[in-house]
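This report concerns only the one structure given below.
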Amino acid sequence: MKAPQNIIVQPMITEKMEYLQEAQRKYAFKVHPAANKIEIRQAVEAIYNVTVTDVNVMNRKGKKRRVRYTEGRRSNWKKAVVTLKEGDSIEYFE
């Protein structure tokens, strides 16, 4: 079992996610690439003391970047959008 602090890398705060927090109680996190939905659910519930009803996960491809003559690539990452139970909220985002 991985530690919850290692599964949740960082919360994602964007205009779109602020709207979804208010309208649908959805919160987005950048998560460890090897984490699955069950581990993400347990980590969010353990860290923020809330009840998660749904977890959606998407893998994001790293963008190609170029510095002078060499081409590189940003690393791939995983994003999780969790939906909380009615009445729950995460105070970090407020």
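Read-outs: derived from the displayed coordinates by stated rules, not from any lab. This structure is a prediction, so every number in the text was calculated from the model and none was measured. Cβ atoms come from the backbone with ideal geometry, glycine included; neighbour counts cover every protein chain shown.
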Problem set entry | Around M17: net Lys/Arg minus Asp/Glu count, Cβ-Cβ under 11 Å | 0
For this session: Rank-order 80-86, 31-37 by packing density, defined as the average count of other C-beta atoms within 10 Å over each peptide's residues, highest first.
Result: 80-86, 31-37
Problem set entry | Dipole magnitude (debye, nearest 20) for the chain, charges at Cβ of Lys, Arg, Asp, Glu | 1080
Exercise. Hey, in the GNM for the chain with a 10 angstrom Cα cutoff, which one of E15, E45, E71 fluctuates hardest?
Worked result: E71
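Run the helix sum for the chain: -39,500 (n - 2.57) per DSSP H stretch of 4+ residues, divided by residue count, reported at 222 nm to the nearest 500 deg cm²/dmol.
After summing the helix terms and dividing by residue count, I get -7500 deg cm²/dmol.
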Exercise. In vacuo Debye scattering of the chain, one point per C-alpha: log10 I(q)/I(0) at q = 0.13, 0.18, 0.25 Å⁻¹?
Worked result: -0.47, -0.79, -1.32
For this session: Round to the nearest 10 and give me the degree value, 0 to 90, for the angle of helix 15-24's Cα axis relative to the longest principal axis of the chain.
Result: 20
For this session: Relative to the longest principal axis of the C-alpha atoms of the chain, give the angle of the C-alpha long axis of helix 37-48, reported between 0 and 90° and rounded to the nearest 10°.
Result: 60
Exercise. Using a cut-off of 18 Å between alpha-carbon atoms, which lysines can reach K30, once sequence neighbours fewer than 8 places away in the same chain are excluded?
Worked result: K2, K16, K61, K63, K78, K79
Exercise. On full extension of the chain, what length is gained from Q10 through T53, given 0.36 nm per residue of separation minus the C-alpha to C-alpha distance?
Worked result: 13.5 nm
